[in-house]
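This report concerns only the one structure given below.
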Amino acid sequence: MLLSGPSWAGIVWKGDFETGNTSQYSSAQQVSADRLQVVSSPVSQGRYALKATVRQGDDPINSSGNRNELVYQGREKEGSEYYYRWQVMFPADYPSVKTWQVFTQWHHNGCCGSPPVEFFVYGEELRLTLTDSDTPWKTTLQRGVWHDFIFHVKWSPDASVGFVELWHNGQLVLPRYAHATMYPGDGIYLKLGLYRSDTVQPVGVVYHDGFVQATQLQDVLPPAPSPDAGTPDTGTPDAGAPVPDGGVTSTSPHPDGGSDGSPLPEEPTRVGCSSAGGPLWAMALLGLGGLLRRARRRER
């Protein structure tokens, strides 16, 4: 069953391209207008999505790597806590290379160094990496389908305060994971599109859709449909804790170590600098009901 997204009071910002353009974002870093296009197909929700294209040599801000990205200056404060949801699709011809290709990042206000939070492709994997190159989640890259992410984060440079939590395609793949999510004394802002090593030669295209930021999990989830009139509502049984969908969770302090201790291919260090300071996934009703009740219990 396909479910539509709600409009809740707890939503603080939308970057879902339903304006038909990129006006929801603060600025764009692109070499030309054809690199960040709002399109009507493919889409995950609504009428529009973003098509981000990068060709080798694209360097709009005279920095390391190649990129075309949208910037949103949300200016999340230290101690703030949000849920972010968005969808991403990688076409069938998306490049497979053993190097970094960032599609979503929360960058620090400082100019240089790897961002505190980044979602990227490495070879045939999707990965989430945090401040000190810790990679607590990864899964196999699937092309030609929409990947739906819900990212829960508390922003703090203190590992005893900050944490992240991640759902991928309706499954809780990373339970609450304590970690620093900011650099000390620095701010944070969102970048969305494609940013990759300048060694990648093939053209890369990524589609983004449905970005929303909210203060509660319920605000980013689709609503459960009302029961049919005349049909007794016996309640939705709790489906239990979601089971990861095949992704690998690692608490290794460095991404060069796999969850079983086996080495992974060596990754180059990312050093960046920034001057800018389809259908929805079908969530089963049983799993949705259990997820909502667990979220409500947690918030009490």
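Across the stretch 100-126, the number of residues qualifying as β-branched (Val, Ile, Thr) and in contact with a Gly (Cβ under 8 Å, 6 or more places away or on another chain) comes to 0. For the stretch 198-246, taking the residues that are under 30 Å from Thr99 (Cβ atoms) and at pLDDT below 95, the one that is surrounded by the fewest Cβ atoms within 10 Å (Cβ to Cβ) is identified as Gly246. Within the stretch 98-118, the set of residues being surrounded by fewer than 21 Cβ atoms within 10 Å (Cβ to Cβ) and either closer than 19 Å to Tyr207 by Cβ or in contact with a Cys (Cβ under 6 Å, 6 or more places away or on another chain) (or both) comprises Cys111, Cys112.
Conditions tested, residue by residue: (1) of a type in the set (A, V, I, L, M, F, W, C); (2) closer than 30 Å to Gly10 by Cβ; (3) within 15 Å of the chain's Cα centre (by Cα).
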| residue | (1), (2), (3) |
| --- | --- |
| Val39 | yes, yes, no |
| Ser63 | no, no, no |
| Arg75 | no, yes, no |
| Glu81 | no, yes, no |
| Leu128 | yes, yes, yes |
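Residues in the stretch 30-68 that are touching a strand residue (DSSP E or B) at 6+ places or on another chain (Cβ under 9 Å) and more than 19 Å from His147 (Cα to Cα): 22 in all. One residue stands out in the stretch 18-61 among those that are surrounded by fewer than 19 Cβ atoms within 10 Å (Cβ to Cβ) and of a type in the set (A, V, I, L, M): the one that is nearest to Gln73 (Cα to Cα), namely Ala28.
The values are calculated or read from the model by the stated rules, or taken from the named source; none is laboratory data. All values derive from a computational prediction rather than experimental measurement. In this analysis, Cβ positions are derived from the backbone assuming ideal geometry, glycine residues included, and neighbour counts consider all displayed protein chains.
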